[in-house]
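The values are calculated or read from the model by the stated rules, or taken from the named source; none is laboratory data. Computed from a prediction, not measured in an experiment: that's the story for all the values here. Don't worry about glycine lacking a Cβ; one is built from the backbone with ideal geometry, like all the others, and counts go over all protein chains shown. Surface areas here come from the heavy atoms of the whole protein model, side chains and all, with no ligands, DNA or RNA. Shrake-Rupley method; radii C 1.70, N 1.55, O 1.52, S 1.80 Å.
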Amino acid sequence: MPLHRGNTEAPDGEGPRRLSVNPFVGEANPVGGMTEAPPKHRLPDAPMAPSSAYQVVHDELMLDGNSRLNLATFVTTWMEPQATALMAECRDKNMIDKDEYPRTAELERRCVAMLADLWNAPDPSSAVGCSTTGSSEACMLAGMALKRRWMRRNADRYPGARPNLVMGINVQVCWDKFCNFWEVEPRLVPMEGERFHLDPQAAAGLCDENTIGVVGILGSTFDGSYEPIADLCAALDALQERTGLDVPVHVDGASGAMVAPFLDEDLEWDFRLPRVASINTSGHKYGLVYPGVGWALWRDKEALPEELVFRVNYLGGDMPTFALNFSRPGAQVVAQYYSFLRLGREGYRAVQQAAREVAGKVAEDVENLGDFRLLTRGDQLPVFAFTTAPDVTAYDVFDVSRRMREAGWLVPAYTFPPNREDLSVLRVVCRNGFSTDLAELFVDDLSRSLPELRRQPHPTTHDKGAATGFHH
């Protein structure tokens, strides 16, 4: 018999007491879970068994593409189980709560210090930076700092004068958003001929007294090529000598800032160039972390105006933060620190070198098929772009993209921006996890699709703008 008898009566004496439970814990109607379809666009009236709710959502998500076969995305699609476990342990920690989660805040601070050292900051201890939800937010923060510095220098003319930002037309859409949101005039250097990114001299020629900065891309999303950051800085040095205009550079290293330090160590693109004021990267791209985490760093405190920094108490001290977003999970920051700790410089070098070798081999194999012309070969970012050869008239890149999707591969096809709208390409992003075996299967499937494509009377694409969901 029980040692203690519970009180089974309600406090008011009106019969058995009902136990108040969380609906997630309470028992649901098992028959309803099997026979009643839940509404799709309003909350259901009653709970559903957790196994039923899981199966409904799981089954619908099966219709998504396989992320490992997605050759369009730069975003990490594979991490080690230990990293996944750490992220699960931290998914309920709010990154903004520095005082409540001081160790998570400390790991963020260490990551900033590691990146400052990796990117050759003159004094890594004086570099300032923060984590973000991705490179888009990091770019917004860098643009805000550039504009605020320009406003300081031109306090006698602003807001009468309109600030502008110079960049190549190949920049990611987040820069268009920045200019729109913060009322900055975008000045875009178009593509010309076989140059698919910014030209340093053309960029310098667009600068004037209202230019807040120039954006250089270390790894264009269109073709994987590095923009010549050192040449850009040299062109702006010459501009300053001629005119006195001192224009800072921001390096959008969303992908390349986590590739070049390990594979192109002699390439000067980072804080070794005095004109580089800030750098961003996506930890969730070649930083090898699941989405979404980005990083923004400034070479010193002078590059980041103090009035933009929000300060919170951290372990009884002062913790500066700078972000557009507020609440977000700490899991990705923890995963970034795990990856830094797990791999080190040699580990990152090995991973990125393997990705570059796979990209080079796949590019060569695609070229050897005879139907395609390579624009890039994956020897900068592990990314290459290719188009159909001049004598191929039966099909176009959009036909190839659709045919590869039938085999499970997601390969983006898209048209280049001005002044090369005549050029449509396919792009392959080689990430960690895209192994040599998978690469061979990709080339085999591409080769098998060609005989039928060659028998087409003409390309089947009528609207190139609607032929793909990929729009950079």
Checklist outcome for this item: Filtering region 231-262 down to residues that are touching a Pro at 6+ places or on another chain (Cβ under 9 Å) and among the hydrophobic types (A, V, I, L, M, F, W, C) yields Leu232, Cys233, Ala234, Ala235, Leu236, Val259
Item to check | Unmet criterion (only one of (1) touching a helix residue (DSSP H, G or I) at 6+ places or on another chain (Cβ under 8 Å); (2) open to solvent by 40 Å² or more (accessible area, probe 1.4 Å); (3) within 22 Å of Ser135 (Cα to Cα)) for Ala407 | outcome: (3)
Checklist entry - What pairs come up if the first residue lies in region 227-247 and is under 14 Å from Asp208 (Cα atoms), the second is small (Gly, Ala, Ser) and surrounded by 21 or more Cβ atoms within 10 Å (Cβ to Cβ), and their beta carbons are under 9 Å apart, counting only those six or more places apart or on different chains? => result Ala235/Ala203; Ala235/Ala204; Leu236/Ala203; Leu236/Ala204; Ala238/Ala204; Leu239/Ala204; Val247/Ala204; Val247/Gly213
Next on the checklist: If a residue counts only when it is modelled with pLDDT of 95 or more, open to solvent by less than 20 Å² (accessible area, probe 1.4 Å) and of a type in the set (A, V, I, L, M, F, W, C), which strands (runs of 3 or more DSSP E) contained entirely in region 292-375 have at least 1 such residues?
Outcome noted: 294-298, 372-374
Item to check | region 377-395 - residue that is crowded, with 22+ Cβ neighbours inside 10 Å and either without any contact (Cβ under 8 Å) to a residue 60 or more places away in the chain or under 31 Å from the mean Cα position of the chain (by Cα) (or both) and, of those, farthest from Val428 (Cα to Cα) | outcome: Gln380
Next on the checklist: Which count do you get for residues in region 213-232 that are surrounded by fewer than 24 Cβ atoms within 10 Å (Cβ to Cβ) and assigned to a helix (DSSP H, G or I)?
Outcome noted: 2
Checklist entry - Any idea how many residues of region 63-96 are at pLDDT below 90, farther than 30 Å from Ala363 by Cα and open to solvent by 40 Å² or more (accessible area, probe 1.4 Å)? => result 3
Checklist entry - Which residues, counting only those in region 249-261, are in contact with a helix residue (DSSP H, G or I) (Cβ under 8 Å, 6 or more places away or on another chain), open to solvent by less than 10 Å² (accessible area, probe 1.4 Å) and within 16 Å of Ala354 (Cα to Cα)? => result Met258, Val259
